[in-house]
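What follows is a single structure, written as structure tokens, with notes after it.
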Amino acid sequence: MTQTGRIYSRIAGTGSYLPEKVLTNDDLAKMVDTSDEWIRSRTGIRERHIAAAGQTSGDLGYEAALRAMEAAGVTAAELDMIVVGTTTPDLVFPSTACLVQAKLGAEGCAAMDVNAACSGFVFALSVADKFIRCGDAKTVLVIGTETLSRIVDWTERTTCVLFGDGAGAAVLKADAETGILSTHLHADGSKNDLLWNPVGVSAGFRSDEPNGGAKINMKGNDVFKYAVKALDGVVDETLAANGLDKRDLDWLIPHQANLRIIEATAKRLEMSMDQVIVTVDKHGNTSSGSVPLALDAAIRSGRVQRGQLLLLEAFGGGFTWGSALLRY
Ligand code: UT7
């Protein structure tokens, strides 16, 4: 899947949005048997944001999209496609992408969701990149957005301390010079029971359980080990596919789930943590929202500069994992 043609997908602008309400580790310590010390030392998380009642993934994604479109100088009428990575869609249908499209007033362009759990943004970015590379689209809005707080069991300390709500977005534009060099996507569905939500429309809800039985179940240790190995593999694969060395990378922009997983990938790449964008402390694991939240923070703070080489990666339920290498 290495870029060979003349058309690249270049990131023209990014944006992000975190809901107003902040839940700190100390707040959580009043709800379950945990502590700020445990959460910080095991995950790197200090606080997370929680969507207001009635505020949906689409609403968060819309706010992120507005900021990305403003940064890119792109209007709704210019969009050829909207791709939304989410595992917490507003509704079963229409897709969250269609709901965001309506709010933006971008009727007419293609709009669809991609569910790859925490890898949602990287998968959505890859789909968008393919449409641009083949010439079918020139301007694509890619969003990663989640309201995981709606499927967290707030009495379960092993999971509730990890997740948060948030969204990020990027506008991709066709460019003859530079942009996404390659994307690499993988899944291992045989591990579907290590990180999952056990209910749904077709499998059925459980009327006797809170929230219809919807909740994040995770075997944390198993996920941790598989994630580190899978991410090691995909970063090696990405560099090899482009004939590049790890020393060529300027920035690692990883999925923000656990600081220890991020540090393991940085170590594999022999990158100093000064070259790694870390935002997990501020918003916890926002699944599809996490990579674009980190990307936007990196760009808006001026750390990431035009011309630099960026490696994005993510891992999530499914299992799914993937990467994108791009010249910003
Ligand atoms: O985005 C998708 C990918 N998801 C991930 O990447 C998550 C991957 N997994 C992880 O990040 C880590 O496995 C966790 C952060 C979930 C857990 O960290 P850990 O170092 O693997 O801890 P553990 O599960 O081995 O638990 C260690 C101890 C246990 O107590 P005992 O059995 O040693 O007495 C747990 O019961 O910590 C206890 N524990 C807690 N203590 C205080 C578990 N959760 C908590 C908590 N507060 N919130």
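The values are calculated or read from the model by the stated rules, or taken from the named source; none is laboratory data. For clarity, every value in this text was computed on a predicted model and none was experimentally measured. Positions of Cβ are generated from backbone atoms using ideal geometry, with glycine treated the same way; all protein chains shown enter the neighbour counts. When the accessible area is computed, the model is the full protein with side chains, heavy atoms only, and any ligands, DNA or RNA have been set aside. Shrake-Rupley method; radii C 1.70, N 1.55, O 1.52, S 1.80 Å.
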Note, Ile277: beta-carbon cut-off 12 Å, +1 each Lys/Arg, -1 each Asp/Glu, net -2
Relative contact order as a percentage, the chain, C-alpha pairs under 8 Å and 6+ apart, gives 26 percent
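Indicate the helices, whole DSSP H runs only, in the chain that combine a mean Kyte-Doolittle hydropathy of 0.0 or more with a Cα extent along their long axis of 30 angstrom or more. Before the final figure, lay out each step's value.
On the way: long enough: 220-241 (31 Å, 0.29).
Qualifying helices, which must be both long enough and hydrophobic enough, are 220-241.
What is the local net charge at Thr96, summed over the other residues whose Cβ is closer than 15 Å to its Cβ (Lys, Arg +1; Asp, Glu -1)?
Working: positive: Lys103, Arg150; negative: Asp59, Glu63, Asp90, Asp113, Glu146, Asp165.
Local net charge: -4.
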Sorted largest first, the Cα spans of the chain on the principal axes come out in Å as 55, 46, 37
So Val92 and Asp232, fully extended at 0.36 nm per residue minus their Cα-Cα distance, gain in nm 47.0 nm
In whole percent, the fraction of accessible protein surface over region 72-180 that belongs to carbon or sulfur atoms, probe radius 1.4 Å, stands at 56 percent
Carbon plus sulfur, as percent of the 1.4 Å-probe accessible area of region 203-328, comes to 49 percent
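So, for region 88-175, what is the accessible surface per residue at a probe of 1.4 Å, expressed in square angstrom?
Ligands and nucleic acids excluded, the figure is 35 Å² per residue.
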With the 1.4 Å probe rolled over protein heavy atoms, region 182-327 has an accessible area per residue in Å² of 42 Å²
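Quickly rank 161-169, 235-243, 318-326, 134-142 as a protection proxy: mean count of other C-beta atoms within 10 Å, highest first. Present the calculation step by step, with values, prior to reporting the outcome.
Values: 161-169: 30.1, 235-243: 16.3, 318-326: 25.3, 134-142: 20.9.
With the highest mean Cβ count within 10 Å placed first, the list reads 161-169, 318-326, 134-142, 235-243.
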Taking a ≥ b ≥ c as the square roots of the Cα gyration tensor eigenvalues, with a/c under 1.5 meaning rounded and otherwise prolate when a/b beats b/c or oblate if not, region 8-176 comes out prolate
With Ala77 itself left out, Lys, Arg at +1 and Asp, Glu at -1 over residues whose Cβ is under 14 Å from its Cβ give -2
Once Met112, Met271 are ranked on solvent-accessible area with the largest value leading and a 1.4 Å probe, the list reads Met112, Met271
Region 295-311 scanned against label point 7 Å out from Asp274 along Cα→C-beta; backbone N under 16 Å for 303-305
Expected sort for 202-214, 146-158 on mean C-beta neighbours within 10 Å, highest first, is 146-158, 202-214
